[in-house]
Amino acid sequence: MEVIKQVSTIREKMQALRCSGKRIGFVPTMGALHEGHLQLLRASAQDNDITVCSIFVNPTQFNNPEDYKLYPRTSEQDIALLKSVNCDFLFLPDAEEVYTQQTLLQFSFGALEQVMEGEHRPGHFNGVATIVSKLFHYITPHKAYFGQKDLQQVAIVRQLIQALSFNLDLVCYPTVREESGLAMSSRNKRLTYEQRQIAAKLYKALQMAAGMINVKPVQSIKQEVEAYLQSISQIELEYFEIADPNTLQPLQDVIATNEAALCIAAHVGSVRLIDNMLVNLKEG
Ligand code: AMP
């Protein structure tokens with residue numbers, strides 16, 4: 001595996017590979033890799049001639065400076081993991097390499113960014129759209145791999161690809177979980193053993209909501225989930241929403257809907273976690 005830190009070098013390499021007819025798969029990450037990332041990398045290695053992973057803790061998408069500072073950075077371990085899944089290139093730039101000048105560009109995603117993560121993390125999706133656009137330009141992938149764990153991010157990137165005519169396919173893979181049900185996340189590295197057990201209750205809350213979705217009104221489900229999580233003192237719920245899986249807009253009822261997205265954000269100690277579950281309403 002080749003590790004590249006320079007934008008000019010990754011551009012040259014990718015251009016040459018494209019010209020020689022190679023198909024490029026791309027997995028953008030912020031590192032501290034886990035099985036959720038590895039699933040995407042294995043899929044890319046299977047589907048494409050060349051797999052590129054980027055590891056970049058993108059400062060512009062952090063609305064909380066403490067979260068940026070404490071975000072786990074484990075490049076040596078990550079490099080070993082990337083080699084184990086036959087990744088061909090790791091793009092590992094410094095912030096100054098990517099942001100050569102202050103970026104003033106503002107994206108707007110309309111209603112999509114006015115709910116959940118967009119509402120609770122001002123500027124987050126602007127930072128995501130900026131870095132994803134830059135990376136797509138550098139790497140020019142045929143396919144880019146994202147996780148359902150960040151459901152709203154997938155919807156934002158889909159809209160970005162469409163709006164800016166990026167010539168690539170977006171591929172989305174399901175959330176990989178710990179045995180406890182806790183969604184794997186780099187931020188889990190900041191949880192103590194006890195906090196990890198508590199954080200698994202977020203998944204329990206999603207399962208609880210999924211069990212009620214065909215039986216009770218949306219508002220009652222929301223109240224029950226909120227009451228359940230409020231009863232756990234170490235969890236501070238930020239939001240629980242039942243939303244349309246494509247538009248991410250809150251659903252008032254699920255009568256005319258085939259699928260719903262159950263989405264949650266909460267703090268366990270000082271760590272902010274998100275999770276979601278898609279439920280098929282036709283399955284009874
Ligand atoms: P991150 O490094 O957190 O920015 O994540 C990089 C990519 O991996 C994103 O597309 C995430 O949605 C995806 N990802 C992160 N955690 C998981 C998980 N537990 N299961 C599936 N995909 C994930």
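A few comments on the model shown:
- Distance (nanometres) between label positions extended 7 Å along Cα→Cβ at Glu224 and Met1: 4.4 nm
- Relative to one another, the C-alpha centroids of region 123-159 and region 190-263 are positioned 25 Å apart.
- Virtual paramagnetic centre 7 Å along Cα→Cβ of Glu178, amide N under 19 Å, in region 187-214: 187-208
- Difference of contour (0.36 nm per residue) and Cα-Cα distance, Arg196 to Ser75: 41.3 nm
- Whole-Hz couplings from phi, Karplus 6.51/-1.76/1.60, listed for region 159-174; x for Gly and Pro: 5, 5, 4, 5, 5, 9, 6, 5, 8, 7, 9, 8, 10, 10, 10, x
- Over 30 Å between alpha carbons, listed pairs Lys222/Lys282; Lys13/Lys83; Lys5/Lys204; Lys22/Lys69; Lys5/Lys189: Lys5/Lys204; Lys22/Lys69
- Solvent-accessible surface of region 2-173, taken per residue with a 1.4 Å probe and all protein chains present: 47 Å².
- For the chain, the longest principal axis of the C-alpha atoms and the axis of helix 35-47 are separated by about 50°.
- Helix 7-19 axis versus longest C-alpha principal axis of the chain: approximately 80°, rounded to the nearest ten.
- Portion, in percent, of the accessible area of the chain that falls on carbon or sulfur, probe 1.4 Å: 47 percent
- For region 232-241, putting each phi into the Karplus relation 6.51 cos²θ - 1.76 cosθ + 1.60 with θ = phi - 60° gives couplings of 9, 5, 7, 9, 10, 6, 9, 7, 10, 10 Hz, in residue order, rounded to whole numbers and with x for Gly and Pro.
- Listed residues Met208, Met184, Met116, most fluctuating in the chain (Gaussian network, C-alpha, under 10 Å): Met208
- In nm, spacing of pseudo-spin labels at Met208 and Glu259 (7 Å Cα→C-beta vector): 2.6 nm
- Stretchable slack from Gln114 to Lys216, in nm (0.36 nm times residue separation minus alpha-carbon distance): 34.1 nm
- Accessible area per residue for region 186-276, computed on protein heavy atoms with a 1.4 Å probe, is 47 Å².
- Ordering Ala45, Gln219, Asn167 by the projection of their Cα atoms onto the charge dipole of the chain, which places +1 on the Cβ of Lys and Arg and -1 on the Cβ of Asp and Glu, puts Ala45 at the extreme positive end.
The values are calculated or read from the model by the stated rules, or taken from the named source; none is laboratory data. In this text, all values refer to a predicted model and were calculated from it rather than measured experimentally. Cβ atoms come from the backbone with ideal geometry, glycine included; neighbour counts cover every protein chain shown. Calculation scope for accessible area: heavy atoms of the full protein, side chains included, ligands and nucleic acids excluded. Shrake-Rupley method; radii C 1.70, N 1.55, O 1.52, S 1.80 Å.
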